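*Asks:* Sharing a structure, written as structure tokens. Questions coming.
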Amino acid sequence: MDSGTGRVVVVGTDGSPRGDAALRWAVEVGAHAGDTVRAILVRPRDTLLPGTSFAIQPHGRAPEADYHLDEHVAGLARTSKAKVETRTVHGDPATELVTASADADVLVLGAHRGGALADLVLGSVGRECVRFSRCPVVVITPEAAHRFAPA
């Protein structure tokens with residue numbers, strides 16, 4: 001990144017409450033005037049069953065499958081002092097987020113959305129991002145997500 005420009009904040013979001021909290025944190029707290037927030041929605045690739053035309057989602061069809069990132073971000077972007085960009089990609093979420101954050105100053109994620117036991121550990125996407133990201137990673141925990149829920 002050029003030293004004459006603002007910071008780049010990459011945020012992974014998926015329409016879930018924790019993904020939404022990560023997006024709100026990135027726009028409202030993590031970015032400042034002159035910064036760029038890159039909101040990324042990663043949709044898993046459909047997998048074709050061998051020998052059929054039936055496609056399955058590797059992790060099942062999430063309730064957020066009909067989430068439209070551009071529409072959601074439009075409201076947040078109006079009040080942000082930072083420039084907000086959106087991008088929807090298909091692939092492995094951890095791989096796509098690590099790649100997207102290669103030139104970022106920070107990567108922001110919502111915590112794993114599993115149950116109480118799963119919340120004791122970082123979800124697989126978060127774990128891979130923390131492990132392989134070349135920039136600091138901010139993880140919005142379930143407790144912190146409540147602070148960044150829509151009013």
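The values are calculated or read from the model by the stated rules, or taken from the named source; none is laboratory data. Treat the numbers as computed from the prediction; the structure is a model and nothing was measured. Using ideal geometry, Cβ is built from the backbone for each residue, glycine included, and neighbour counts are taken over all protein chains shown.
*Asks:* Condition first: modelled with pLDDT of 70 or more, in a helix (DSSP H, G or I) and of a type in the set (A, V, I, L, M). Can you find one or more residues in segment 121-137 that meet it?
*Replies:* Yes, there is a match, as at least one residue in segment 121-137 is modelled with pLDDT of 70 or more, in a helix (DSSP H, G or I) and of a type in the set (A, V, I, L, M).
*Asks:* Identify the residue in segment 44-94 that is within 20 Å of Leu23 (Cβ to Cβ) and β-branched (Val, Ile, Thr) and, among all such residues, is modelled with the lowest pLDDT.
*Replies:* The qualifying residue modelled with the lowest pLDDT is Thr79.
*Asks:* Could you list, in sequence order, all residues of segment 1-20 that are of a type in the set (A, V, I, L, M) and at pLDDT 90 or above?
*Replies:* Scanning segment 1-20 gives Val8, Val9, Val10, Val11.
*Asks:* Out of the residues in segment 75-108 that are of a type in the set (Val, Ile, Thr) and in a strand (DSSP E or B), which is surrounded by the most Cβ atoms within 10 Å (Cβ to Cβ)?
*Replies:* Looking at residues that are of a type in the set (Val, Ile, Thr) and in a strand (DSSP E or B), I get Val108.
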